[in-house]
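Down below is the structure, laid out as structure tokens.
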Amino acid sequence: MEDIHQFLRESASGDLLPWFAQVSAVERFGISHSDVERAALSAGLLPLRYQRNRNAISVQDQLTLCRSRVAVVGCGGLGGYVIEQLARLGVGTIVAFDPDVFEEHNLNRQLLSSPGWLGKSKVIAAAERVAEINPAVTLVPVHAGYSPENGKELLQGAQVVVDALDSIPTRLALCETCATLGVPLVHGAIAGWYGQVTTQFPGDDTLSRMYSRWVEGKGAEQHLGNPSFTPALVASIESAEVCKILLGVGTALRSRKLSINILDMSFEEITFEPPLAS
Amino acid sequence: MKITVKLFATFRAGRFAVQMQDCAPGTRIADVITALEIPESEIGMIMLNNRHADPDHQLEEGANLSLFPLLGGG
């Protein structure tokens with residue numbers, strides 16, 4: 001059998017591998033786009049689609065992303081944008097949770113929604129979107145709400161979990177599962193012109209303390225709704241946190257919260273000092 | 001005694017972003033919240049000098065108090 005690395009090298013222009021060569025490799029070797037991408041990156045070749053990831057992300061980093069698995073819990077306002085960005089970034093496997101179908105009031109902000117998708121599953125829309133924009137990425141659709149029961153199995157193997165939920169009790173349950181599994185959790189929440197992002201690492205109690213005053217119901221979003229730009233902004237910061245954690249670069253929002261106010265256009269960093277010994 | 005109160009998100013509407021306040025010794029966080037006419041049920045997070053705090057916590061000279069509404073949407 002012809003060596004795939006040799007084929008890819010001969011098809012590359014310098015160290016860049018164009019899309020048509022990837023398609024040829026899929027057909028010639030009977031393997032998936034994901035396999036071709038791994039083979040290319042392992043051989044030091046960068047799929048041309050990632051050229052503009054350079055030099056923020058090296059070929060080696062791109063291979064790390066390709067081998068990564070990230071769970072996105074919630075495919076609504078935040079989740080839709082997070083999935084889009086992780087897929088374009090080249091995160092190899094995305095596990096997406098959502099029990100819902102699209103409704104008309106989602107259309108103002110949810111990236112994956114459109115009139116044609118009304119009444120249809122959000123996670124299936126996510127899978128089709130990802131297959132369309134980056135066939136080398138596998139999206140595993142979970143048409144169910146996250147629960148501690150399904151979470152332990154479905155979050156297994158994820159290097160990072162993204163909180164794109166709209167329910168505070170579910171978020172707190174997710175937080176516990178991530179702590180048990182020892183997985184970092186990137187949290188985002190939005191309401192109207194406002195948003196927040198923080199990242200909780202194993203051993204931290206950031207979220208349970210942030211929401212310690214919650215008793216029942218929803219937050220300010222219940223009255224404020226969510227316009228189009230707030231989820232896009234908060235989701236972008238969440239995606240960047242995921243990328244940094246996967247690559248082990250930069251400084252995550254650990255033990256601090258980014259508090260975003262788009263109305264006043266102020267971004268404030270709230271640091272969480274450890275509690276004083278009593 | 002002087003304290004600094006910082007309000008976030010919706011709490012700023014009709015109030016302020018940051019304000020220096022003069023308050024009597026023994027003033028608790030709950031007293032400041034009541035004076036601002038913010039229902040305590042709407043308070044999502046209270047930070048006192050970068051640490052989480054409860055409403056019954058007593059304030060000291062130079063305290064930095066930040067009040068946040070609950071945000072939970074996705």
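Only the coordinates and a few stated rules stand behind these numbers; no lab work does. Given the structure is predicted, the values throughout are model-derived calculations rather than measurements. In this analysis, Cβ positions are derived from the backbone assuming ideal geometry, glycine residues included, and neighbour counts consider all displayed protein chains.
For the reader, a short list of remarks on this structure follows.
- The charge dipole of chain A, taken about its Cα centre with unit charges on the Cβ of Lys, Arg, Asp and Glu (plus for the first two, minus for the last two), comes to roughly 300 debye.
- The distance linking segment B:53-69 with segment B:7-35 is 9 Å (Cα centroid to Cα centroid, whole angstrom).
- Computed from point charges on the beta carbon alone (+1 for Lys and Arg, -1 for Asp and Glu), the dipole magnitude for segment A:12-57 about its Cα centre is near 160 Debye.
- Annotation: amide H-H contacts under 5 Å for A:Val183 (H modelled 1.01 Å from N, sequence separation of 5 or more, or interchain): none.
- P(r), alpha carbons of segment A:1-154 - 5 Å bins starting at zero, rounded %: 2, 10, 18, 18, 16, 13, 11, 8, 4, 1, 0
- Global geometry of segment B:11-66, whether rounded, prolate or oblate, following the gyration tensor of its Cα atoms and the 1.5 cut on a/c: rounded
- For segment A:12-57, diffusion coefficient by Stokes-Einstein and Kirkwood Rh (Cα), 4 °C, 1.567 mPa s, µm²/s: 122 µm²/s
- Inter-part distance where segment A:203-246 and segment A:1-65 are each reduced to a Cα centre, Å: 36 Å
- Where the alpha-carbon atoms of segment A:68-271 are placed on the principal axes, they occupy 42, 36, 32 Å, in descending order.
- Put simply, the amide H of B:His57, placed in the peptide plane, has neighbours under 5 Å in B:Ile29, B:Ala30, leaving out anything fewer than 5 places away on its chain.
- Each of A:Val142, A:Val82 was scored by other Cβ atoms within 10 Å of its Cβ. Listed from fewest to most, they are A:Val142, A:Val82.
- Legend: Rg and Dmax of the protein assembly as shown, from Cα coordinates, 22.8, 85 Å.
- Charge-dipole axis of segment A:12-57 as Lys and Arg at +1 and Asp and Glu at -1 on Cβ define it, positive-most pick from A:Asn55, A:Ala21, A:His33: A:Asn55
- Each 10 Å bin from 0 upward holds the following percent of the Cα-Cα pairs of segment A:106-181: 16, 42, 34, 8.
- When +1 charges are put on Lys and Arg Cβ atoms and -1 charges on Asp and Glu Cβ atoms, the dipole computed for segment B:2-69 relative to its Cα centre reaches about 300 debye.
- Ranking A:Phe229, A:Gly250, A:Trp193 by Cα position along the charge dipole of the protein assembly as shown, where only Lys, Arg, Asp and Glu carry charges on their C-beta atoms, puts A:Gly250 farthest toward the positive end.
- Helix A:229-247 axis, angle to chain A major axis (alpha carbon atoms, nearest 10°): 60 degrees
- Mean separation of Cα pairs under 8 Å and 6 or more residues apart, divided by the residue count, gives chain A a relative contact order of 15 percent.
- Rounded to the nearest 10 degrees, the inclination of helix A:77-89 to the longest alpha-carbon principal axis of chain A is 30 degrees.
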